[in-house]
Amino acid sequence: MPSLLRPLLRAESWLLILALTFAGCAAFLYFTRATVLRVGVASEGGTEPALLQAYAETSVTRRTGIKLEIVSFGGLRESAEALAAGKVDLAVVRPDILVPGNGLTLAVIREVAALVVAKEGGPVKQFTDLGGRRLGLLPGQAVDRPLIAAMLGHFGLEPRDDRAAGPVPEESVSLVPLEEADLAAAFGSGRVDAVLLLETPTSRGARRIVQALDEAAGERALTILGVPDPAAIVATHAKLQTVTVPASLFGGDPQLPAEDVTTIGSSYRLVARASLSRSVAAEVTQHIFEHRADVAATVPAADDIAFPAYDTTAAATTAKLPNHPGAIDYFEREQESFIERYESWIYLVAILGGGFGSALAWLRQTVFRIRRERIQVATARLLRIRSDATRTREPDKLRAMADEVDSIAANIARQALRRRADWRLVEAATIAIEAARSTLARALGPQGGSSG
């Protein structure tokens, strides 16, 4: 067999090959496995649970580098608290309800705007006319009560429950919760003077409600009012935001609204814990936007997802609702490459691999040296046996020396056959064996022949 192939057949070489193969497989599985992220969503109302579930299914079918695991909570406050407590990695939150201290924005899922729908020529001609009036709204909007209170309180108006007896004081607005099926009838009959629409303006639900109110108004046209001085309200309630509803968004003849309406609102945001790595955050953001069209085919609300608007990177990271650096990396096309992402790990593996290789080489050299020394010791012993045989005439001692020579020869042969050895030493040992045997044979003479 060629000498170059001999090392491959030795136990140390096979051990090294197996170790390197195992390390390579482990590294491949580690770096290519999907990152599992827990996403907290509010189970009550809204489109977010279905939307995030659709994204979770897409992450599996498209075999992306991340896997989303949906965790349901009772409300938006609970999902935000779960992120703050470290129970989830991502969460859907609404800033005006609760912003977790460790939450940074990846994407704006949708915006809600406060719009007042009234009959043209009716008692509500502008927002401040709501004092002393009844305002209809959907009953599921209990979560919006703080926003409503901030909106009315800026103009000295106080919201009150419609169950209170007697006429509505001029400084109050009576809130009348109505199911969507009853909203148009109450509006048409005058049970409510106006309707507060707190929805995503572009959603199907908002269009459906405005159309129903338009039909209930009969021959009277609708007017859609925003909230005056939205910038002043946002200045005192930093978690709210200004929203502009474009003219003719709801169609109609005449068009609704007649012109752009500026009002206040809030947003539903997908936020990540601040400790989530930039590369993973960028990958999640990429997944959200690159698969938006696929998800929108089953959950139309995906079309409302937008990136948080900002002018500069500094503005994005220092905003009142700051964005995750990983999301900014995706928006600005500065995502880390594979080498950049795992640079530290690659250096660590290289250092450990080098150290492991050096340790293995040292071990091999040590073992080889020990074997070489053993052969040298055995050769020296053979030479002493030969020397002793020339001075001894006792047959029993000579036969014991002969047996020892045979034992030494067998051990050297095993060393030479099974393990790496210095062939020059083996050759010298072989010569010493022959010399010792020759000397012993002469010393034993006829006695040696008869005993053998």
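The values are calculated or read from the model by the stated rules, or taken from the named source; none is laboratory data. Not measured: the values here are computed from a predicted model. Note that each Cβ is placed from the backbone with ideal geometry, even for glycine, and that neighbours are counted across all protein chains shown. Note: areas computed on protein heavy atoms with side chains; ligands, DNA, RNA excluded. Shrake-Rupley method; radii C 1.70, N 1.55, O 1.52, S 1.80 Å.
Annotations for the structure displayed:
- Segments 71-77, 264-270 sorted - mean Cβ within 10 Å per residue, highest first: 264-270, 71-77
- In the range 243-293, Cα pairs under 8 Å separated by at least six residues give a relative contact order of 25 percent.
- For residue 199, nonlocal amide neighbours, meaning residues 5 or more places apart or on other chains whose placed amide H falls under 5 Å from its own, are 113, 115.
- Label zone at residue 181 (point 7 Å along Cα-to-Cβ), backbone N below 17 Å, the range 192-217: 209, 212-213
- Couplings 3J(HN,Hα) of the range 264-269, computed from phi: 9, x, 9, 9, 9, 10 Hz, in residue order, whole Hz [Karplus 6.51 cos²θ - 1.76 cosθ + 1.60, θ = phi - 60°; x for Gly and Pro].
- Listed values for the range 291-302 are Karplus-derived 3J(HN,Hα) couplings in whole Hz (6.51 cos²θ - 1.76 cosθ + 1.60, θ = phi - 60°), namely 9, 4, 5, 5, 5, 4, 5, 10, 10, x, 4, 4, and x replaces Gly and Pro.
- P(r) tail fraction, the range 49-113 - alpha-carbon pairs more than 15 Å apart, %: 56
- Contact order relative to length of the range 54-115, as percent, for alpha carbon pairs under 8 angstrom and 6 or more apart: 22
- Residue 298-residue 262 FRET efficiency (beta carbon distance; Förster radius 35 Å; 0.05 resolution): 0.55
- Residues residue 366 and residue 399, FRET efficiency given R0 of 45 Å [Cβ-Cβ distance, rounded to 0.05]: 0.75
- Only Lys, Arg (+1) and Asp, Glu (-1) charged, at Cβ; the range 134-240 dipole about Cα centre in debye: 240
- Solvent-accessible area per residue for the range 213-262 (1.4 angstrom probe, square angstrom): 52
- Estimated FRET transfer efficiency (residue 220, residue 170; beta-carbon r; R0 25 Å; 0.05): 0.55
- Backbone amide hydrogens, once placed in the peptide plane, bring residue 107 within less than 5 Å of 270, excluding anything fewer than 5 places away on its chain.
- Once backbone amide H atoms are built at 1.01 Å from N, residue 71 has 39, 40, 41 as its partners under 5 Å, excluding neighbours fewer than 5 places away on the same chain.
- For the range 227-242, 3J(HN,Hα) per residue [Karplus equation, 6.51 cos²θ - 1.76 cosθ + 1.60, θ = phi - 60°, Hz, x = Gly/Pro]: 9, x, 6, x, 4, 5, 5, 5, 5, 9, 10, 4, 7, 8, 8, 8
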